[in-house]
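Student: Let me begin by handing over the structure; questions about it come next.
Any read-out appearing in this document is the output of simple, stated calculations on the displayed coordinates, not a laboratory observation. Given the structure is predicted, the values throughout are model-derived calculations rather than measurements. Please note: Cβ atoms are built from the backbone with ideal geometry, for glycine as well, and neighbour counts cover all protein chains shown.
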Amino acid sequence: MFQHDIQTMPVPDLRRLQSERLSRQVARLHARVPFYRDKLACAGVDPATVSGIDDIAGLPMTGKGDLRDVYPYGLLAVDRAEIVEVHMSSGTTGKPVVDAYTAADLDIWRDVMARTLDMGGVGPDDVVQNGYGYGLFTGGFGVHYGAGRLGAVVLPMSSGNTFRQLQTMQDFGSTVLTCTPSYALYIAEFAAQQGIEPATLPLRAGFFGAEPWSLEMRAEIEARLGIAAYDIYGLTEIIGPGVGAECVRQDGLHLFEDHFFPEIVDPDTGEPLPDGEVGELVLTTLTRTGTPLLRYRTRDITFLLPDACACGRTSRRVHRLMGRTDDMLIIRGVNVFPQQVEQVLLRTEGVEPHYRLIVDREGAMDTLHVEVEMSESLFSDDLADLIWLERRIESALKAELGILARCMLVNPRSIERSEGKAKRVFDRREVTTHVR
Amino acid sequence: MCVDVEVLEQVTVFLENRPGRLQEVVRLLADRGVNLRALSIAETERFGLLRIIPDDLEDTLAALDDAEITHRVTRVVGVRVPDRAGGLAAVLDLFTGTDVSIAYMYAELSGGEQAMLVVRFEPQEDALRILAEADLG
């Protein structure tokens, strides 16, 4: 196991380490970042009184909006000269969120990404085909650094050009694939179209993240590509990928909590929730030096798993992410996550897991239309068969979501395939809510 | 008088419910020089099925494959019916009291003295046997 001693550290020792790191981090932020000095003052916190990890609940929280307000460099806790690399989010929903790394931060990133890939036994004999985008996005470089730390060969492919991805995979004998889960599925589909049986590709493992995916989708990817598919987790604000990952037991994601301390809070009130309750994940970067964050609200919904993992790692695990507070749709007062729809479709035989959700408003009523790709094998000359299929999907959606949704069958491959994060939700209601 | 029967290869095309879809499919076939001997459309409020009897099956399938339009070939029965009162009734009478049912039916576009009906029987083999043995006098 990579960094065995840290990863299997007895829990009391781990808490002690976290306590030391937290008090040091709070003192640094107070001394160096005006944004946090103000926040701590507003919350009435004297940094000198923060001595243990249990004091964390009294510290102020940081939201995505805070990060945007101080764009680009407002959260630097070091001199600009100490920054060696910058990544940022795409900024599609506002100003980008910036993560500025010192050399020490990049070392942390290498370590946590090495731990991530080591979960699936990646080592010097492996060829890692990295299909995450290289650039300001953290995915490409995160995997690149981690694989390098383990001595594996890295193929810095980025996403896209699927024909070349397949050719490279075959020519160089790639054993590990890293990309978004939707792109992994697309690669399998594309291979089959090219007459290549996807399961005969040399891959043995995949590390997939950057978008939420369901267990059913995992089963589909594992079956089609003949690999073990691991869920990985991270976000630009914290470090990029490498915040947590599944071990071979594939039962929740270990959080690398010696660096990133987790809490679960009520998404509405921000109040901490007892272990095991579903809420929003909040992370504090205990060791980052470039742009450290206190109690950052990730907007990711999950819960902490209660038991120790049989793999020997003592870090706590979170359940695979259940959705994002910002992806959550409220339709007729009911919370709906796109992954729930995905689960229903993957359980329905013959249906392709490509879909679009269209939310609209007819009069005062919210409507949910689910566009579903029909597989060729499912198509029938009999109208009744197709109507029955629609009804079967609709009743499964009703059972899963608790609301009525209309299923619309569409042509195979008519829904745009994504090489990065899939855009599946089209909420057209905003248009009517701003009428004055 | 025997019943004039022909087994036909029908192509069923999935029509998404969006404006212009039927036109796109028909245009695609026209551009390949495919002539349609018979056609029908069955629809729900959400999608439609276009059923056609093309004069050239291979060209039709190639055009649909190239455009990645979902389709399926189904064997149906073409029955020539005398173009006079009672012509169709006499044919349908043949199946009264049998286990054969008619899933759907439509007519040829260009009629001659005898109109051709395109019929999907269930089960088809039984229907063909009954038609082969029939004598409409």
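Student: Mind checking A:358-371 for the average number of partner chain beta-carbons within 10 Å of each residue's beta-carbon? Spell out each step's value before the answer.
Tutor: Working: counts 0, 0, 0, 0, 0, 0, 0, 0, 0, 0, 0, 1, 0, 1.
For peptide A:358-371, the averaged partner shielding equals 0.
Student: Another one. With springs connecting C-alpha atoms under 10 Å apart, model chain A as a Gaussian network and identify which of A:V70, A:V176, A:V122 has the largest mean-square fluctuation.
Tutor: Result for chain A, Cα springs under 10 Å: A:V70 fluctuates most.
Student: Let me ask something else about it. Using only alpha carbon pairs under 8 Å that are at least six residues apart, calculate the relative contact order of segment A:247-329 and give it in whole percent. Each step should come with its number before you reach the end.
Tutor: Details: 160 pairs, mean separation 25.5, N = 83.
In percent, rounded to a whole number, it is 31.
Student: May I ask which residue of A:N335, A:H369, A:F256 lies farthest towards the positive end of the charge dipole of the protein assembly as shown, with charges of +1 (Lys, Arg) and -1 (Asp, Glu) on Cβ and the Cα centre as origin?
Tutor: Farthest along the dipole direction, towards plus: A:F256.
Student: Rank A:P12, A:P212, A:P292 by mean-square fluctuation in a GNM of chain A with C-alpha springs under 10 angstrom and give only the top-ranked residue.
Tutor: The residue that fluctuates most here is A:P12.
Student: Using alpha-carbon pairs under 8 Å, 6+ residues apart, how would you state the relative contact order of segment B:9-73 in percent? Intermediate values should be presented prior to the final figure.
Tutor: On the way: 95 pairs, mean separation 29.8, N = 65.
Normalised by residue count, the contact order of segment B:9-73 is 46 percent.
Student: Starting with the fewest neighbours, write out A:K423, A:K39, A:K95 ranked by other beta-carbon atoms found within 10 Å of each beta-carbon.
Tutor: Working: A:K423 10, A:K39 20, A:K95 15.
Ranked by crowding around the Cβ, least crowded first: A:K423, A:K95, A:K39.
Student: Among A:E257, A:E277, A:E237, which one shows the biggest mean-square fluctuation in a GNM of chain A, springs joining Cα atoms closer than 10 Å?
Tutor: A:E277
Student: What percent antiparallel are the DSSP beta bridges of segment A:173-260, to the nearest 5? Don't jump to the answer; show the numbers that get you there.
Tutor: Working: 7 of 15 bridges.
Percentage antiparallel, nearest 5: 45.
Student: Within 10 Å of each Cβ in A:404-414, how many Cβ atoms from other chains are there, averaged over the peptide? Before the final figure, lay out each step's value.
Tutor: Numbers: counts 0, 0, 2, 1, 5, 7, 7, 9, 4, 2, 4.
What the average comes to for A:404-414 is 4.
Student: Dipole size in debye (nearest 20) for segment B:75-133 around its Cα centre, Lys and Arg Cβ +1, Asp and Glu Cβ -1? Intermediate results must be reported in sequence, preceding the final value.
Tutor: Numbers: 5 positive and 9 negative charges, 27 e Å.
Dipole of segment B:75-133, to the nearest 20 debye: 140 debye.
Student: Ok, one more. Report P(r) for chain A: all Cα-Cα distances, bin width 10 Å, range 0 to the bin holding the largest distance, values in whole percent.
Tutor: Calculated P(r), rounded to whole percents: 4, 20, 29, 26, 15, 5, 1, 0.
Student: Ok, one more. Hey, what number do you get for chain A at 222 nm if only DSSP H runs of n ≥ 4 count, each worth -39500 (n - 2.57), divided across all residues, to the nearest 500? Could the numbers behind the result be given before it?
Tutor: Details: 12 runs with 138 residues, N = 436.
Mean residue ellipticity, 222 nm, calculated: -9500 deg cm²/dmol.
Student: Next question, about the same structure. Taking the alpha carbon gyration tensor of segment B:75-133, what are the square roots of 5 times its eigenvalues, largest first, to the nearest whole Å? Could the numbers behind the result be given before it?
Tutor: Details: eigenvalues 73, 34, 17 Å².
Rounded to whole Å, the semi-axes are 19, 13, 9.
Student: I would also like to ask the following. Let me know the Rg and Dmax you get for segment A:238-379 when you use only its Cα atoms, in Å.
Tutor: Over segment A:238-379's Cα set, Rg and Dmax evaluate to 18.5, 57 Å.
Student: If you don't mind, there's one more thing I want to ask. Of the DSSP beta bridges with both residues in chain A, give the percent that are antiparallel, rounding to the nearest 5. List each step's numbers first, then the result.
Tutor: Working: 40 of 64 bridges.
Antiparallel bridges make up about 60 percent of those DSSP assigns within chain A.
Student: Now, a different point. Report the per residue volume, in Å³, of the convex hull enclosing the C-alpha atoms of segment A:296-368.
Tutor: Values: hull volume 11.2 nm³, N = 73.
With only Cα atoms used, segment A:296-368 gives 153 Å³ per residue.
Student: Additional query: With the crude spin-label approximation of a point 7 Å out along Cα→Cβ, what separation in nm comes out for B:R32 versus A:K398?
Tutor: Inter-label distance under the simple model: 4.0 nm.
Student: Fewest to most neighbouring Cβ within 10 Å: what's the order for A:T291, B:T98?
Tutor: On the way: A:T291 27, B:T98 11.
Ordered from fewest to most neighbouring Cβ atoms within 10 Å, A:T291, B:T98 come out as B:T98, A:T291.
Student: How long are the semi-axes of the equivalent ellipsoid of segment A:312-436, taking √(5λ) for every eigenvalue λ of the Cα gyration tensor, in whole Å from largest down? Please report the intermediate quantities before stating the final value.
Tutor: On the way: eigenvalues 128, 103, 42 Å².
In descending order the semi-axes read 25, 23, 15 Å.
Student: Another question, if that's okay. Quick check on segment B:1-104: what are the equivalent-ellipsoid semi-axes from the Cα gyration tensor, as sqrt(5λ), descending, whole Å?
Tutor: Values: eigenvalues 178, 53, 30 Å².
Result for segment B:1-104: semi-axes of 30, 16, 12 Å.
Student: Sort A:L75, B:L29 so that the residue with the fewest other Cβ atoms within 10 Å of its own Cβ comes first and the one with the most comes last. Before the final figure, lay out the partial values.
Tutor: Working: A:L75 25, B:L29 21.
By the 10 Å Cβ count, ascending: B:L29, A:L75.
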